[in-house]
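Here the structure comes first, spelled out in C-alpha cells, and everything after it is commentary.
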Amino acid sequence: MSRWRGNPWAILLTLSLGFFMTLLDLTIVNIAIPSMIDQLDASLDQVLWVVNAHILVLAVLLITAGRLGDLWGKKNLFIAGVALFTLSSPPRCTRTASWTP
C-alpha cells in the first residue's frame with residue numbers, strides 16, 4: 001500500500017472512481033425518468049423537479065463533505081464516502097416498489 005502513496009496515477013485513479021460513481025448515480029436517476037412518469041402518474045415537469053432535487057442534495061452534500069474533509073482529513077472522508085455509497089447502492093438497486101398505483 002505504501003508504494004501507491006503519492007503516486008499521481010493512483011490519485012488519478014481514485015478521483016476518477018469517485019467521479020464515475022457520481023456520474024453513474026445521476027445516469028441511473030435519468031434512466032428512471034420514464035418509469036417514474038408511468039408508475040407515479042406524474043408529468044415530466046414533476047419528475048424533473050425530483051431529478052433537480054436529487055442533484056441539489058448531491059451539491060449540498062458535496063459542499064458539506066468538503067468542510068468535513070478539512071476537519072477530519074480528506075483521505076478518511078473520501079474512503080468513508082465511497083464505502084458508504086458502494087454499500088448502499090445494491091439495496092437501492094434491488095428494491096421493488098411497495099405501493100400500488
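The values are calculated or read from the model by the stated rules, or taken from the named source; none is laboratory data. Just so it is clear, the structure is predicted and the values come from calculations on it, not from any experiment. Neighbour counts run over all protein chains shown; Cβ positions are idealised from the backbone, glycine included. The accessibility values were calculated without ligands, DNA or RNA, using every heavy atom of the protein model including side chains. Shrake-Rupley method; radii C 1.70, N 1.55, O 1.52, S 1.80 Å.
For the chain, the longest principal axis of the alpha carbon atoms and the long axis of helix 8-31 meet at an angle near 10°. For the pair the range 65-87 / the range 1-48, the C-alpha centres are spaced 17 Å from each other. Mean residue ellipticity at 222 nm, helices only, the chain: -28000 deg cm²/dmol; runs of at least 4 DSSP H residues each add -39,500 (n - 2.57), and the sum is divided by the number of residues. Any idea what angle helix 44-72 forms with the longest principal axis of the chain, computed on alpha-carbon atoms, 0 to 90 degrees, nearest 10? Its long axis makes an angle of about 20 degrees.
Inter-label distance, residue 54 to residue 7: 3.5 nm, where each label sits 7 Å from its Cα along the C-beta direction.
Stokes-Einstein diffusion for the chain, with the hydrodynamic radius set to the Kirkwood value over Cα pairs and evaluated at 37 °C in a medium of 0.692 mPa s, equals 205 µm²/s.
3J(HN,Hα) along the range 78-90: 5, 4, 5, x, 5, 5, 4, 5, 5, 6, 8, 5, x Hz, from the Karplus curve 6.51 cos²θ - 1.76 cosθ + 1.60 with θ = phi - 60°, whole Hz, x for Gly and Pro. Counting protein heavy atoms only, the chain has 71 percent of its accessible area on carbon and sulfur, 1.4 angstrom probe. Entry note, the chain: relative contact order of 18 percent, from Cα contacts under 8 Å with a spacing of 6+ residues.
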